[in-house]
Structures are given as structure tokens and as C-alpha cells.
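To start, the structure under review is shown below, and the notes come after it.
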Amino acid sequence: MSKRAASSNHAMTPSKIRRLETEAPSLMSKQLTIVVGVGDDEKTFYIHQNIVKDHSDFFAAALNKGWKEAEDGIVRLPTEVLAHFELFARFVYFGKIYAAKAKADSEDDEAHATRVGVEAHVLFDCWIMGDRLMAVSFKDAVHDAITQLIRDERLIPVDFQNSVYPKTAGPNSLRRLLVDVAVWGWAKDILPACEMDASWMEFFRDVAVRGQEANKAQHTMTAPFMKHGCVYHEHVAAGKPCYTGLFP
Ligand SMILES: [Zn+2]
């Protein structure tokens, strides 16, 4: 390869300001009107149809020819939480999850636990919303934000299976993360102290299976949530590109 060709290829890597014009997203498509919440909490978002379709199979289906939503250009989501949908709307344009809380200079251990806990609840709820919206890229990005929170803030989730298992169908990446955290991250006294509730049976079974796998391979396996990359991403099974390559 000539020097000139090598340099030209290098200029097309994603970190550079110069991009192929064929990769440019269109901003000339119609906007979809998305009404979130009800009553005083109702808010309206306007998102380009081609962009929201790229990120959500739910919206792609709603915009199919023949559907009322496609004719009206309006989709109503009365049961979604405004703040969570706003994170999705920002994500589809900017590729980031804006959910972290600012740390106060005087933050003590209790304030730290509260700040991290609030963000964790928002992120878990957002992943579950992303599941309803069939938004693989958003789910994978939120998943990365959760694992980043675990690594940066030493968060050990202990009770999210209460909401994740009943509200999602398995197997999925968020369930897998909770199970991995229980196997690799929980202190010895947490599991025996868990109340035996019928809704937990599936979680306990998954933990037992994963525990056996980890036991057999313990000399080679480190906690999967401490690794970076597509370990938990659902785009792989969905045959879609990783969200990390969709944004600058
Ligand atoms: Zn990925």
C-alpha cells in the first residue's frame, strides 16, 4: 500500500473529523411526535423518524405503512416515565447516557450510597424501558453505564432482581449481569439472608447454574462485569452494529 493510500484510510477512522458523506445521517426526514406521560406530567418530544427507527424496533413497527401512528405521525406513551424517555431521546442524537449525578465536595459514605443508588435505579428502569421499546443500542449503552457505575463507584446491586425478573423475559443481558454480580460480587452472607419468595426462584436457579460454571472455570474467569467491550451487549445476537460505532 502506498504512503498516500495508508494515510487516506487512516483519515476515515471513526475518531477523525472527516467522515464519508455516504455515512451522514439524514436530517430531512419527518419528525415523529412522541407524547410521554399523562395529565400535568405529559410532555412532547419531536424526533426525526429515520433516527428513532434506527434505534427502536418498536418505533420502526409503529411507523409501518398502514398503522395509525404512521398516518398521524404521533405515538403516545402514557405509561413511560418522562425522565427515562428523555434519556432515550438524548441518546439517539448524542450517543451518551446523561444520568450521572454531580458529586458534592462534602459527600460522605451515606450521601455516596444515595447518589449512586439513585443513578442505578434510573439506569435499571431505563434498560427495562429500552426492552419495551425494543431499542438494542440504547439497552447496550445503558448496560455499559451500569457496569461503569459498578466499576467506578463500587456499586454491588443486591435487590434489582425484584424488578428485573418480573418485568423482563429471560434470558437477557441485564438478568445475566445481576446473576454475575451475585456469583462474583456478593458477600457470603447476602444469599443466605435472601427471603425465599416464589418470584425469586428463577433468579436463584440462574445464580446456581452460573455459580457452577464459575466454579469449574475459576482459574481462568474474572468477573465478566469488570471487563470492557461487548460482553453483555445484545446487538451481537440481534445481528446489529454496536452502538459504540454509531456515534462520533
Ligand atoms: Zn457492542
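All of the numbers you see were taken from the coordinates with simple rules; none came from a lab. Every value quoted in this text rests on a predicted model; they were computed, and no experiment measured them. All Cβ positions, even for glycine, are placed from backbone atoms using ideal geometry, and neighbour counts span all protein chains on display.
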Whichever lysines have a C-alpha closer than 21 Å to that of K65, once near sequence neighbours (fewer than 8 apart) are set aside: K30, K53
Share of alpha-carbon pairs per 10 Å distance bin for the chain, given as whole %: 6, 25, 31, 22, 12, 3, 0
K103-T79 FRET efficiency (beta carbon distance; Förster radius 30 Å; 0.05 resolution): 0.40
Rounded tilt (10° steps) of 201-216 against the dominant C-alpha axis of the chain: 80 degrees
Nearest-ten-degree value, helix 136-153 long axis tilted from longest Cα axis of the chain: 40 degrees
Interchain or long-range residues, amide H under 5 Å from H48's placed H: L32
Separation of the V35 and N64 label points, Cα + 7 Å toward Cβ, nm: 2.4 nm
Under the Karplus curve 6.51 cos²θ - 1.76 cosθ + 1.60, θ = phi - 60°, whole-Hz ³J(HN,Hα) for the range 171-187, x wherever Gly or Pro sits: x, 8, 5, 6, 4, 4, 4, 4, 5, 4, 5, 5, 6, 9, x, 6, 5
